[in-house]
């Protein structure tokens, strides 16, 4: 078998590149350092949304600006991205919704003062990936 006869697999260098094989899926931008949680959430949203992790306020702002209809999921336990920094980074970009996962009551109050636009939803730290996926999916409808 020659090299030209072998099947090839194209790898997208941009995880958000469009493949053109159907309608674009909604985007969920996730600030979390829990790889297991990200995997469970991605599996639960498979075919319904694209899950893209971010690790800095700059990345969050870049994606929210480029994809204005995205939903942002902030893991309040993730040390890399402080939810207050995220609220500032999002500013007036106004993603469709921001879901804050596991914020303590004091952080909820601080976020209420800092947020400027969009819908902010708080869910408890004990929320399972399946429940979170259903909530996120309902926000796209």
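Just so you know, all these numbers are worked out from the coordinates, no wet-lab data involved. As the structure is a prediction and not an experimental result, all values here were calculated from the model. Here the Cβ is made from the backbone with ideal geometry for all residues, glycine too, and neighbour counts use every protein chain on show.
Our note on the geometry: Cα centres of region 122-136 and region 22-61, 14 Å apart. As a calculated quantity, the FRET efficiency between residue 48 and residue 77 at R0 = 22 Å, using C-beta atoms, amounts to about 0.35.
Restricting the calculation to Cα atoms, region 24-140 shows an Rg/Rh of 0.92 when the hydrodynamic-style radius is the Kirkwood one. So for the pair residue 34, residue 123, with labels modelled 7 Å out along Cα→Cβ, what separation do we get in nm? Modelled inter-label distance: 1.1 nm.
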